[in-house]
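The values are calculated or read from the model by the stated rules, or taken from the named source; none is laboratory data. In this text, all values refer to a predicted model and were calculated from it rather than measured experimentally. Heads up, the Cβs are rebuilt from the backbone with ideal geometry, glycines too, and the neighbour counts pull from every protein chain shown. With ligands, DNA and RNA removed, areas are computed over all heavy atoms of the protein, side chains included. Shrake-Rupley method; radii C 1.70, N 1.55, O 1.52, S 1.80 Å.
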Amino acid sequence: MSPLPKRWRVFDQIGSTNDSIHAAAAAGEPEGTVHVAHEQIGGRGRLGRTWWSPPGSGLWMSVLLRPKIPAENAAGLSLLAGLAVKNGLRELLPRSISLYWPNDVYADSSRKLGGVLCEIRGTGTPDYWISCGVGLNIDLRSADIPLELRGRIADLAELGCEERNPIALGSRIVEAFWPLYERFQSGVALPDLVTAADLAHVGERVRVDRSSGGGETLRGVVAGLGKRGELLVRDRSGKIHEVLAGDVTYEEASGRD
Ligand code: BTN
């Protein structure tokens, strides 16, 4: 195995690599700092959910980003990181994996393989950073899968991936990410980077719970992505809504959230 890439730090056990990256950022560490843990005991996912991160079974990694673009344009970075997962693993997998807006990586239409959690902190452009966390199940055969996740998650081993080393997998993902990030920051619109072919759900019926922002539930069909990475949803009247945040349920799939 080659030596640990520069600016990478590996922890045996940690609360959350997203938190350790926030601490590193606050201490002035540069963009490109990467933290990986063999186990997280406080791993978290989107919408305040717990992210189950058992020891030695997955890639639990966060990357420090200090984007130069205005903070309000940075929301698309989750999807860009998802694309880096898909592209970075392409050569290792016999068939391609699917991306679901805003942050999910699926093995098939209903089993989640991984996810991305980008958290923004700081005082605003240019003084902000993002802890971009990637969780990816590598091999769960010896893990005691919680009841509520059984049948709903997948791992790379069962998809035929022979590489099981989290650092090697993480390096591929990070390498795949930088050119996408550079193009996004230089002004290339997100839909030109993450195309309809990369997204599994264009044309799928969707329900968006917008109650956290005081809005009503939106139902419609996914029409694609907006310039900054918003999900475009066409309602029954044909009106297109731009969804920037919200709890999205794809109605054709069972068990996905
Ligand atoms: C999701 O699908 O809701 C996002 C999951 C993100 C999990 C990763 S694991 C590494 C990093 N540390 C965390 O606490 N979360 C992210």
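Key figures
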| read-out | value |
| --- | --- |
| For the chain, convex hull of alpha carbons as volume per residue, Å³ | 129 |
| Label-to-label distance, nm, for residues given as TRP178 and SER142 (7 Å Cα→Cβ offset) | 3.3 |
| Cα Rg over Rh - the stretch 107-239, Kirkwood | 1.00 |
| Across LYS86/LYS239; LYS112/LYS239; LYS6/LYS112; LYS6/LYS86, pairs whose alpha-carbon gap is larger than 28 Å | LYS86/LYS239; LYS112/LYS239; LYS6/LYS112 |
| Cleavage-rule hits (GluC sites (Glu not before Pro)) in the stretch 138-225: DSSP loop, at most 10 neighbouring Cβ within 10 angstrom | GLU162, GLU216 |
| The chain: relative contact order in percent, alpha carbon pairs under 8 Å with at least 6 residues between | 17 |
| Under Karplus coefficients 6.51, -1.76 and 1.60, residue-wise ³J(HN,Hα) of the stretch 53-68 in Hz, glycine/proline x | 9, x, x, x, 10, x, 9, 10, 9, 9, 10, 8, 10, 10, x, 9 |
| Protein accessible area in the stretch 182-257, 1.4 Å probe - carbon and sulfur % | 44 |
| Amide proton proximity set for HIS241, modelled H, under 5 Å, gap of 5+ | VAL233, ARG234, ASP235 |
| Equivalent ellipsoid, the stretch 1-80 (semi-axes from 5 times Cα gyration tensor eigenvalues, Å) | 21, 18, 12 |
| Counting DSSP beta bridges with both ends in the stretch 3-97, the antiparallel % (nearest 5) | 50 |
| Span from the the stretch 126-163 Cα centroid across to the the stretch 1-70 one, whole angstrom | 14 |
| Kirkwood hydrodynamic radius of the stretch 38-137, from inverse mean 1/r over distinct Cα pairs, in Å | 14.3 |
| Of ALA168, SER237, LEU136, farthest towards positive along the dipole that unit charges on Lys, Arg, Asp, Glu beta carbons give the chain | SER237 |
| Dimensionless Rg ratio for the stretch 125-186, taking C-alpha atoms and the 2.2 N^0.38 Å reference | 1.50 |
| Anchor LYS227: lysines whose Cα lies under 16 Å away (excluding residues fewer than 8 positions away in-chain) | none |
| Of all DSSP beta bridges in the chain, antiparallel share, percent nearest 5 | 85 |
| Loop sites in the stretch 1-94: trypsin sites (Lys or Arg not before Pro), DSSP, at most 13 other Cβ within 10 Å | LYS6, ARG49, LYS68 |
| Most fluctuating residue given options SER16, SER212, SER78, as computed from a GNM of the chain linking Cα atoms under 10 Å | SER212 |
